[in-house]
Amino acid sequence: MKAHSSAQLSALTRLFSAAVFREMAKKGQSGLFRCLLGQTDLIEHLDQSATVGDTFDSAFDILKIVGHRDEYIYRAAITQKVLMGTHSLRTASMLNEFRIGSCKADLVILNGTATVYEIKSERDSLARLVNQVENYKRVFATVNVIASEGHIQSVLDIIPKDVGVLCLSKRYRITSVREAENCPSRICPVAVFESLRMAESIAVLQAMGIEVPEVPNTQKHAAMRDLFAKVDPVLLHVEMVRTLKQTRNLAPLSDLVDRLPKSLQAAALSMPVHRSEHSRLIDATATPLRVAMTWN
């Protein structure tokens, strides 16, 4: 395998950025894609009939090698192997960078329960990990850390035994090192409230048969917080999952995801674009690479 310079790897990584993805969706082309590709030698190794989609897949194959991986590679692994491998977009949903207290959960999958995945790639420090998992346990029944082989022992040493540990192997497979405990009884209802949108909080309470008081907007947050503080954590978790699966439903993206190159499926599920832009995005990825090299 040919060695790549740090500048080339940086350019390959940025191909999967929101800036490139959204530019293709908005304009049907991306000058940034062309510019970044010019900073790599990828074009020299691609077939003359290659498309933009083939180019993304080839870049992804380089980035998923151990030592090159960033957060997007891990996000793609969970998307492909868990969300769309074990579940489907019809039965499960996914939250990206979901805020909990001072932390943002990398990725949450909602199926029968809510499972959070904290990504620790080769490029990441473990300095904040203990605080992150403690925050996540206040909102989600199941907490997992997914890391590279080099991080696994350190992760096992510092996080509680009820937190699962997954490894993204050299062969790009997800293996379970330690199973997570599913424990909805430990969640903190107030922390759940602080993480939801107001409309979602109201829907959760109504589903639990709790009347939402008619109060001025200036008093609504405090009144809702008080109501959440009194609810049963286990029942709350059930309704939170049910509500979020409806409000953050990904099923409408099924057709888009099916028509994009595999390497961009995680981007489609984490970088929302307007439905009216879907066809432009699909057309952009089907563009012959020789044409894409004239994009501006």
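Each reported figure results from applying straightforward, stated rules to the coordinates on display, with no laboratory input. Since this is a predicted model, take the numbers as computed values, not measurements. Cβ coordinates were reconstructed from backbone atoms using ideal geometry, including for glycine residues, and neighbour counts include every protein chain displayed.
A few comments on the model shown:
- Anisotropy class assigned to segment 32-85 is prolate, per the alpha carbon gyration tensor with a/c at or over the 1.5 cut-off and a/b larger than b/c.
- Set against the 2.2 N^0.38 Å expectation for a compact globular protein, segment 188-247 has a Cα radius of gyration ratio of 1.01.
- Ordering 72-79, 161-168 by mean Cβ neighbour count within 10 Å, with the highest value first, yields 72-79, 161-168.
- Looking at segment 192-296, none of the chymotrypsin sites (Phe, Trp or Tyr not before Pro) sits in a DSSP loop with at most 14 other Cβ atoms within 10 Å of its own Cβ.
- Using the Karplus relation 6.51 cos²θ - 1.76 cosθ + 1.60 with θ = phi - 60°, the per-residue 3J(HN,Hα) values for segment 193-209 come to 4, 5, 8, 8, 6, 4, 4, 5, 4, 5, 4, 5, 4, 4, 5, 8, x Hz, with x marking Gly and Pro.
- Cβ-derived FRET efficiency at R0 25 Å, Val234 paired with Glu134, nearest 0.05: 0.80
- Sorted peptide list for 272-284, 134-146, criterion being average Cβ within 10 angstrom, highest first: 134-146, 272-284
- Residue-wise HN-Hα couplings along segment 237-250, as the Karplus relation 6.51 cos²θ - 1.76 cosθ + 1.60 with θ = phi - 60° gives them from phi, are 4, 4, 6, 4, 4, 4, 5, 5, 5, 7, 6, 10, 4, 9 Hz; Gly and Pro carry x.
- Cα-centred dipole magnitude for segment 188-296, charges only on beta-carbon of K, R (+1) and D, E (-1), debye, nearest 20: 420
- Given their separation in residues at 0.36 nm each and the Cα-Cα distance between them, Arg173 and Ser49 gain 41.6 nm when the chain is fully extended.
- Estimated inter-spin distance, Ala223 and Thr247, nm [label 7 Å along Cα→Cβ]: 1.8
- Within the same chain, lysines fewer than 8 places from Lys220 are excluded, and of the rest, those with a Cα less than 17 Å from its Cα are Lys230.
- Extending 7 Å from Cα along the Cβ direction at Asp57 and again at Asp162 yields two label points whose distance is 4.4 nm.
- Taking 0.36 nm per residue of sequence separation and removing the Cα-Cα distance, the Ala286/Ile65 pair yields an extension gain of 77.0 nm.
- Separation in nanometres of the label points that stand 7 Å from Cα toward Cβ, at Thr86 and Glu214: 4.6
- In loop segments of segment 1-64 as defined by DSSP, the trypsin sites (Lys or Arg not before Pro) with at most 13 further C-beta atoms inside 10 Å of their C-beta are Lys2.
- Pairs exceeding 18 Å between alpha-carbon atoms, taken from Lys161/Lys245; Lys104/Lys137; Lys64/Lys262: Lys161/Lys245.
- Labels on offer are [x] 0.99; [y] 0.93; [z] 1.10, and the one holding Cα Rg over 2.2 N^0.38 Å computed from this structure is [z].
- DSSP beta bridges in the chain [antiparallel fraction, %, rounded to 5]: 60
- Prolate/oblate/rounded call for segment 1-138, Cα gyration tensor, a/c under 1.5 rounded: prolate
- Rounded, prolate or oblate (a/c below 1.5 giving rounded, otherwise prolate when a/b exceeds b/c) for segment 143-242 by Cα gyration tensor: prolate
- Note: relative contact order over the chain, using C-alpha pairs below 8 Å and six or more positions apart, is 25 percent.
- Relative contact order [Cα under 8 Å, 6+ residues apart], segment 73-184, whole percent: 20
- Shown is the FRET efficiency for Ser6 and Arg197, computed with R0 = 41 Å from the Cβ-Cβ distance and rounded to the nearest 0.05: 0.55.
- Cross-link reach list, aspartates and glutamates versus Lys27, counting only Cα pairs under 14 Å and skipping chain neighbours closer than eight places: Glu277, Asp283
- Neighbourhood net charge (10 Å Cβ-Cβ; Lys/Arg +1, Asp/Glu -1) for Ala191: +1
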